[in-house]
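What follows is a short report on a single structure.
The values are calculated or read from the model by the stated rules, or taken from the named source; none is laboratory data. The structure presented is a predicted model; accordingly, all values stated were derived computationally and were not measured. When we count neighbours, we look across all protein chains shown, and the Cβ atoms used for this are built from the backbone with ideal geometry, even at glycine. Just the protein is used for accessible areas: all its heavy atoms, side chains included, with ligands, DNA and RNA removed. Shrake-Rupley method; radii C 1.70, N 1.55, O 1.52, S 1.80 Å.
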Amino acid sequence: QWGRYGFTNGPDGSTSDTPWSNITISPVFPSTAQVIEELLPQSGGPEIDGVFAFDPQVLEALLSMTGPITVEGPDRRLDESNVLQFLLVDQYEIDDTRSRIDLLENVSRATLQRVLGGALPNPTVVARELGPMVAQGRLAGWVVDADEQALFESVGLANSLPTLDGGDGIAAVFNNAGPNKIDVYLERDLTYTAVVDERTGAVSATMELTLTNTADPDGLPEGVVGNYTGDPLGTNRTLLSLYSALPLVEATVDGKRLVMRENEEAGWIVNTAVLGIPPGGSITLTAEYLGELGLDAGYTLAVRPQPMVVPEHRTIDVSSADGSTLI
């Protein structure tokens, strides 16, 4: 699924530097973490026991428990009231890219030093604050040791794709293809409707995904609204991967047929295409599915969220062939 984005071996048997830019492209975190564990020593780093991933919302939750930090560079105090605004928007006003990247490391390092230095409250408070982050996929962990990994899986920290076990499933996974930092201005509205024949297991379904790009290219930094793909300023170019349990019959964007590349990952069918959303505009993708599921235990639907800057609005309506509501 992802080899062509820089992960395949070159003539000398090793990859290029590209994987580190695309390292989180897969939504299956155990796969991502294993790649990190294997590549880091090849890139001059140490052998590691595991990997954690977290986003700015997790840093916000940690700072709410540890108290504020002060970072050099902009010499500013970051706490739960301003860290999201700084990490998602304000940092891109820093013109020096290297200084900005170093600053991100400093923010993460300072926060984790507070955490590992004993600044956290008791475990019940930690679980209450971080539990929602785990459920949303914003905090994930993976370890080499199989027994420890089994614990991570049991508490939901592994952040893998759910096992379908004959059931239905949907996920819409985005990767910025600009590349730029415009996703703070992306809104997603997903509707999934399905009709299930509980006698035969036949399912016909439609996923409708409306993407709205609220970015105004005037006044926003080049690193946010610019791109390397020749698109107009403010365009959101997205590599979209639709994960499903059912085969895709047809996909359209605003009524025009869309050709999608089909593959498989972790037992799910994956259909991928690159989309462009103009600044201040929106597009609607419609995907039609048709297939059969094993319904020995009844109809089930796994919905895998992707942690977004702007929360996704999701509507699900599943009914049986006789018209009764299932979900």
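Compute, for THR18, the solvent-accessible surface of its heavy atoms (probe 1.4 Å) with the complete set of protein chains present, and express it in square angstrom to the nearest 10.
60 Å²
Of PHE7, PHE86, PHE52, which has the most accessible area with a 1.4 Å probe, and how do the rest follow in descending order?
Putting PHE7, PHE86, PHE52 in descending order of accessible area: PHE52, PHE7, PHE86.
Taking 0.36 nm per intervening residue step and subtracting the Cα-Cα distance, what contour gain separates VAL259 from ASN122 on full extension?
Full extension from VAL259 to ASN122 adds 44.1 nm.
Would you work out the relative contact order for the chain, in percent, from Cα pairs under 8 angstrom that are 6 or more residues apart?
18 percent
What shape does the range 121-244 have by the C-alpha gyration tensor, where a ≥ b ≥ c are the square roots of the eigenvalues, rounded means a/c under 1.5, and otherwise prolate means a/b greater than b/c and oblate the rest?
Judged from the Cα gyration tensor, the range 121-244 comes out oblate (a/c at least 1.5, b/c at or above a/b).
Roughly to the nearest percent, how much of the accessible area of the chain is carbon and sulfur, given a 1.4 Å probe?
Taking all protein chains in place, the chain shows 50 percent carbon and sulfur surface.
Could you tell me which of GLY44, GLY323, THR212 has its Cα farthest along the dipole of the chain towards the positive end, charges placed at Cβ (Lys, Arg +1; Asp, Glu -1), taken about the Cα centre?
Most positive-ward Cα: THR212.
About the Cα centre of the range 203-290, how large is the charge dipole given +1 on each Lys and Arg Cβ and -1 on each Asp and Glu Cβ? Please answer in debye to the nearest 20.
Approximately 140 debye in magnitude.
If you take the charge dipole of the chain about its Cα centre, with +1 on Lys and Arg Cβ and -1 on Asp and Glu Cβ, which of TYR289, ALA172, ASN106 is farthest toward its positive end?
In the chain, that residue is ASN106.
Of LEU116, GLY226, PRO311, whose Cα points farthest to the positive end of the dipole of the chain (charges on the beta-carbon: +1 Lys, Arg; -1 Asp, Glu; origin at the Cα centre)?
GLY226
Per residue, how much accessible surface does the chain expose to a 1.4 Å probe? Answer in Å², no decimals.
51 Å²
If the chain between ILE316 and ASP165 were fully stretched, how many nm would it gain, using 0.36 nm times the residue separation less the Cα-Cα distance?
Contour length minus Cα-Cα distance gives 52.3 nm.
About the Cα centre, and with charges only on the beta carbon of Lys, Arg (+1) and Asp, Glu (-1), how big is the dipole of the chain? Nearest 20 debye, please.
My answer is approximately 340 debye.
What are the extents of the Cα atoms of the chain along their three principal axes, in Å, largest first?
63, 50, 48
Over the range 15-116, what relative contact order in percent results from Cα pairs under 8 Å that are six or more residues apart?
Here the relative contact order equals 21 percent.
Let me know the shape class of the range 117-190, please: from the alpha-carbon gyration tensor, a ≥ b ≥ c as square roots of the eigenvalues, rounded when a/c is under 1.5, otherwise prolate if a/b is greater than b/c, or oblate.
oblate
How would the range 1-150 be classified by its alpha-carbon gyration tensor: rounded, prolate or oblate, with rounded meaning a/c under 1.5 and the a/b versus b/c comparison settling the rest?
Since a/c reaches 1.5 but b/c is at least a/b, the shape of the range 1-150 is classed as oblate.
Placing unit charges on C-beta atoms (Lys and Arg positive, Asp and Glu negative, everything else neutral), compute the dipole magnitude of the range 1-133 about its Cα centre in debye, rounded to 20.
Its charge dipole is roughly 280 debye.
As a test of the formula, what do you get for the chain when each DSSP H run with n ≥ 4 contributes -39,500 (n - 2.57) and the sum is divided by the residue count, at 222 nm and rounded to the nearest 500 deg cm²/dmol?
-7000 deg cm²/dmol
Using a 7 Å offset from the Cα along the Cα-to-Cβ direction at both GLU198 and LEU239, what is the distance between the two label points in nm, to one decimal?
Here the answer is 4.2 nm between the modelled labels.
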